[in-house]
Amino acid sequence: MIRTVEINMPTKQVISKTCDRCGFVAYPDDQVEFNQFFHYKEHCGYFSSFGDGNLVEVDLCEPCVFELFKDFAVVKTDDIL
């Protein structure tokens, strides 16, 4: 027999995303802008410019990602993947 119990636990829900570069705010009701946000989170290694073991996080809107990466990003179409 499997017995269950209902547990009410607090949950977190994302209510907005803010671009760390330009300050643009996207809300879940705008699915296009909201879902195209770029989130980067990484622990730094030894001798990192950000400091050994530090955590680096950045949230960027799609236009800022494009502006920052356009000169060196490799863009592939779905048929190449």
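The values are calculated or read from the model by the stated rules, or taken from the named source; none is laboratory data. This structure is a prediction, so every number in the text was calculated from the model and none was measured. Here Cβ is always computed from backbone atoms with ideal geometry, including for glycine, and neighbour counts include all displayed protein chains. In case anyone asks, the SASA skips ligands and DNA or RNA and just uses the protein heavy atoms, side chains included. Shrake-Rupley method; radii C 1.70, N 1.55, O 1.52, S 1.80 Å.
Structure data summary
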| quantity | calculated |
| --- | --- |
| Residues located in the stretch 51-81, provided they are among the acidic types (Asp, Glu), touching a strand residue (DSSP E or B) at 6+ places or on another chain (Cβ under 6 Å) and either open to solvent by less than 70 Å² (accessible area, probe 1.4 Å) or in a loop (DSSP other than H, G, I, E, B) (or both) | Asp59 |
| Any hit, the stretch 38-50, residues being touching a residue at least 24 places away in the same chain (Cβ under 8 Å) and surrounded by 10 or more Cβ atoms within 10 Å (Cβ to Cβ) | yes |
| Residue in the stretch 8-33 that is most open to solvent (accessible area, probe 1.4 Å), counting only those that are within 15 Å of the chain's Cα centre (by Cα) and hydroxyl-bearing (Ser, Thr, Tyr) | Tyr27 |
| Qualifying residue in the stretch 14-24 (condition: modelled with pLDDT of 95 or more, of a type in the set (S, T, N, Q) and in a loop (DSSP other than H, G, I, E, B)) | yes |
